[in-house]
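Bear in mind that the values in this text are calculations on the coordinates, not laboratory data. Model, not experiment: these values are computed from the prediction. Note that we place each Cβ from the backbone using ideal geometry, even for glycine, and neighbour counts take in every protein chain shown.
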Amino acid sequence: MTIEINHNLDKEKGIICAEKIFSELAEQYKDEFSDLKQETKGNEIYFSFKIRGMKINGEIIVNENKVVINSKLPFAARIFQGMIESKIKENADKMLSECK
């Protein structure tokens, strides 16, 4: 699963804002979302979490005008891929547009 979101922030601010994407989702969907772990190295944020007990991991790459979220979903989660992708993109758009 790859999600791309354009932004108009400088790279440093983009990284700070991108770090909030999954923490905000974890708070919003705390009944389904757990065990969030994130590690930032340069312009890459490595993440893992569980959604409905299924582990998901991947990376967020922050470039000058774009954030790219790459993740592999477990086979059992692929039935929910559209919903998961939609919620992540919606929240990423919100975090990047509100984070100034």
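When you scan the stretch 5-21, do you find a residue that is touching a Lys or Arg at 6+ places or on another chain (Cβ under 7 Å), loosely packed, with under 11 Cβ neighbours inside 10 Å, touching a residue at least 12 places away in the same chain (Cβ under 8 Å) and not basic (K, R), even just one?
yes
What's the number of the condition G53 fails, among (1) farther than 14 Å from I88 by Cα; (2) in contact (Cβ under 8 Å) with a residue 40 or more places away in the chain?
Result: G53 fails condition (2) only.
Taking K37, is it basic (K, R) and touching a strand residue (DSSP E or B) at 6+ places or on another chain (Cβ under 7 Å)?
Working: basic (K, R): yes; touching a strand residue (DSSP E or B) at 6+ places or on another chain (Cβ under 7 Å): yes.
Here the answer is yes, as K37 does meet what is asked.
Which members of the stretch 22-50 meet the condition of being assigned to a helix (DSSP H, G or I), farther than 16 Å from M83 by Cα and within 10 Å of the chain's Cα centre (by Cα)?
The answer is S23, E24.
Please indicate, with yes or no, whether at least one residue in the stretch 69-90 is small (G, A, S) and within 23 Å of E12 (Cβ to Cβ).
Looking through the stretch 69-90, none of the residues is small (G, A, S) and within 23 Å of E12 (Cβ to Cβ).
State which residue is nearest to E44 (Cα to Cα) when the search covers only the stretch 64-86 and only residues that are in contact with a helix residue (DSSP H, G or I) (Cβ under 7 Å, 6 or more places away or on another chain) and in a loop (DSSP other than H, G, I, E, B).
The selected residue is E64.
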